[in-house]
1. For residue 154 and residue 58, calculate 0.36 nm times their separation in residues minus their Cα-Cα distance, and state this gained length in nm to one decimal.
2. Relative contact order, percent, of the chain when contacts are C-alpha pairs under 8 Å separated by at least 6 residues?
3. Springs between alpha-carbon pairs under 10 angstrom, Gaussian network model over the chain: which of 71, 136, 119 fluctuates most?
4. Please compute the length gained on full extension between residue 166 and residue 204, using 0.36 nm multiplied by the number of residues separating them and subtracting their Cα-Cα distance.
5. Note down the nm distance, to one decimal, between modelled labels 7 Å out along Cα→Cβ at residue 111 and at residue 96.
6. If you take the beta carbon distance between residue 191 and residue 214 as r and set R0 to 30 Å, what does 1/(1 + (r/R0)^6) give as a FRET efficiency, to the nearest 0.05?
7. Which residue, 47, 151, 188, tops the fluctuation ranking in a GNM of the chain built on C-alpha contacts under 10 Å?
8. What residue among 216, 164, 57 shows peak mean-square fluctuation when the chain is described by a Gaussian network model with Cα springs under 10 Å?
Ligand code: ADP
Ligand code: MG
């Protein structure tokens, strides 16, 4: 039986769709059969992040409201061998879905795939509940700023009430220079606010927009978002990879070590 992981946030625009698509690509490249579900009915855009917008024919309402089989609503990624996608309906609300059929849908995916990632809409509305009530784990994506963290805290509380036991945090769009200038909060302070374990830290990186526009994974051959998403995928699979405090001042020796070390992939 696979694992169903909801990717959620309090505020919009924190990077949920970006993380779902990028981590999904890396999970599949690590050999795990992975399906990404766009839970943002009405405002779907995960298909675009995966470069699959012209390949989508059906969505999960065809499976939950009609009698279509799960296999018929799956869209296969052409770039990644083990990656599949299921689109959100454009005009049907998830609040109309029958609970029993919704459970059957998620259970059906978990029985076929190693990982089921649900890209939830921001906040705690119907689309969020559509996935939250059936999730085994959650990834909260937040920016390192007080409003984003405060709203994330409420989402964490709701997930706990839904019985989700493993809830982990990803801090996205981190810029050490903004942390030094006290514009962004440092990583330790963010973790203190939310008191959930950290799953990863993703730097602000211009390569993200480029990767999303091409529907591909951001390269991991340099210290950037691509490397961070790769490490998040590996941590999801249970690998233990150290997370370095990228916001801490570094000595000259640490900087030299970091730029030359073959183990630099371990920092994000
Ligand atoms: P959400 O799904 O939470 O609403 P998105 O994943 O759509 O957020 O991301 C919002 C915007 O932020 C997108 O334009 C995306 O390219 C950008 N973005 C996300 N993560 C990063 C990052 N680490 N570096 C630079 N831009 C990013
Ligand atoms: Mg989104």
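1. Numbers: separation 96, 0.36 × 96 = 34.56 nm, distance 3.31 nm.
Length difference between fully extended and current span is 31.3 nm.
2. On the way: 541 pairs, mean separation 64.5, N = 268.
Contact order relative to length: 24 percent.
3. Sorting by GNM fluctuation, first place goes to 71.
4. Values: separation 38, 0.36 × 38 = 13.68 nm, distance 2.60 nm.
Residue separation times 0.36 nm, minus the Cα-Cα distance, leaves 11.1 nm.
5. Simple spin-label model gives 2.7 nm for this pair.
6. Details: r = 33 Å, r/R0 = 1.10.
Given R0 = 30 Å and the Cβ-Cβ separation, E is 0.35.
7. 188
8. In this elastic network of the chain, the residue with the biggest mean-square fluctuation among 216, 164, 57 is 57.
Here, each number is a calculation from the coordinates, and none is a lab measurement. Quick caveat: nothing in here was measured; it's all calculated off a predicted structure. Here the Cβ is made from the backbone with ideal geometry for all residues, glycine too, and neighbour counts use every protein chain on show.
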